[in-house]
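Engineer: Below are the structure tokens for one structure; questions will follow.
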Amino acid sequence: MADETRRHSGPNPEDVPSGLDPYTEFDDFDLPSYVGRTSFHKLPELTDAAALAARRPDVAIVGAPFDDAVSHRPGARFGPRAIRAAHYDAGSPNSLQLGIQPFEWIDVVDAGDAPVTPANIERGHAVIRRKVLEVARAGAIPIVLGGDHSITFPSASAVAESIAPKRLGMVHFDAHADAANSTWGVLASHGTPMRRLIESGAIDGRNFVQVGLRGYWPPPEVLEWMRQHGLRTHFMTEIEERGAEAVVADAIAEALDGPELIYLSIDIDVLDPGMAPGTGTPEPGGMLSRELLRAIRQIVGAVELAGMDIVEVAPAYDVSDITAAVAHRCVMEAISALAAKRRAAGGTARPSGRSRDG
Ligand code: MN
Ligand code: MN
């Protein structure tokens, strides 16, 4: 773990040391992204619950490499690795959007993957739920990399359990409502997690807010169930008419109409397939990448975030890694907004991240 003590600390590549041994002159964190460690942004890997509980990071990345519950094209099990790899920055990243080097303000680790196995939905969801609960109980905000969207049921259930008796609201970006009762009789598919979350009581229907729905699914009876249970639904046509910022402002208010904390679930297919082709059920006519990234900054900057996931990245259908890249940036926008809030609240910068990395 010797190099764990030096992450964040080194120079950016612009500062070239001279006269040093070339074998050791750069920390792994400062080497190119395609070299060395494969954790999210080369952050320290803390896969053990006891180590997480001892460190109590602000945020922990969790992989949920599970896609046994899809209704159409599979492949999102390879999403977590693709998202982790989808950056080209070396050293401490600097958000030009928010004017902050996020890792200098908050402690972010990679908690590794939930130990899923193929072809076993029940087991996969159980281990994802346990992994997310370990992270949340360690005081960290879990940011879960899917995986198909069925993982939101175990993930958001774990977050709701960890914050109880405080209540959780949901902002859900997606082309699809994912609120069916079943798909071909399967209750735990990626077309049903939102109904399971509401039926189980993890989140009240009236605080369940969906943004970006479009296309030709679900059928009228599912929309009627959603109406009966009070879900607030913002179709893509409303974003076209009012603009994303106004719609997202309403979504925040609706999700927090009662609850104190927010779970943010982002299905990458909320984006237009021209900007995010690497997904299992692409639906034309979606949001722009810049609209979604701005929406994440808007939401995380305004609410208390309890958990987040980014799902349905299926690298086999991707083109030039652009879908994985925008998913990675979704995570970075959230982390940067959390860091900016820490600074705005009068927090102190971690001295180049060094002091807490032991
Ligand atoms: Mn979905
Ligand atoms: Mn979808």
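Each value in this text was obtained by applying a stated rule to the coordinates, not by laboratory testing. Keep in mind the model is a prediction, meaning the values are calculated, not measured. Counting neighbours? That spans all protein chains shown, and the Cβs are built from the backbone with ideal geometry, glycine included.
Engineer: Give me the percent of Cα-Cα pairs in the chain that sit more than 29 Å apart, rounded to a whole number.
Structural biologist: 35
Engineer: Same structure, new question: Nearest 10 degrees, 0 to 90: what angle lies between the long axis of helix 244-255 and the longest principal axis of the chain (Cα atoms)?
Structural biologist: Its long axis makes an angle of about 80 degrees.
Engineer: Please give the calculated 222 nm ellipticity per residue for the chain, where each DSSP H segment of at least 4 residues contributes -39500 (n - 2.57) and the sum is spread over every residue; nearest 500 deg cm²/dmol?
Structural biologist: Dividing the helical sum by the residues of the chain leaves -10000 deg cm²/dmol.
Engineer: Next question. Going by C-beta contacts inside 10 Å, put L223, L52 in order with the fewest on the left.
Structural biologist: L223, L52
Engineer: For the pair T117 and Y88, how long in nm is the line joining their label points, each one 7 Å along Cα→Cβ?
Structural biologist: 4.1
Engineer: Report the relative contact order of the chain, percent, no decimals, based on alpha-carbon pairs under 8 angstrom and at least 6 residues apart.
Structural biologist: Taking the mean separation of contacting Cα pairs over the length of the chain, I get 21 percent.
Engineer: Place a label point 7 angstrom from the Cα of E224 along the Cα-to-Cβ direction, then list the residues of region 178-204 whose backbone nitrogen is under 16 Å away.
Structural biologist: 180-182, by backbone N distance to the label point.
Engineer: Using 0.36 nm per residue, how much length does the chain from A126 to E240 gain when fully extended, once their Cα-Cα distance is taken away?
Structural biologist: Extending this stretch completely gives an extra 37.2 nm.
Engineer: Further question: Report the residue, chosen from G286, G212, G185, that carries the largest GNM mean-square fluctuation when the chain is represented by alpha-carbon nodes joined by springs under 10 Å.
Structural biologist: Result for the chain, Cα springs under 10 Å: G185 fluctuates most.
Engineer: What net charge do the residues around E122 carry, taking every other residue with its C-beta under 12 Å from that of E122, with Lys and Arg at +1 and Asp and Glu at -1?
Structural biologist: Here the count lands on +1.
Engineer: Continuing with this model, one more query. Work out how much length W184 to E304 would gain on full extension: take 0.36 nm times their residue separation and subtract the Cα-Cα distance, in nm to one decimal.
Structural biologist: Taking W184 through E304 to full extension adds about 39.5 nm, to one decimal.
Engineer: Let me ask something else about it. Taking R0 as 56 Å, what's the FRET efficiency between S18 and A53 from their Cβ-Cβ distance, rounded to 0.05?
Structural biologist: Taking R0 as 56 Å, the efficiency between S18 and A53 is 0.85.
Engineer: Please list 173-183, 329-339, 28-38 highest first by mean number of surrounding beta-carbon atoms within 10 Å per residue.
Structural biologist: 329-339, 173-183, 28-38
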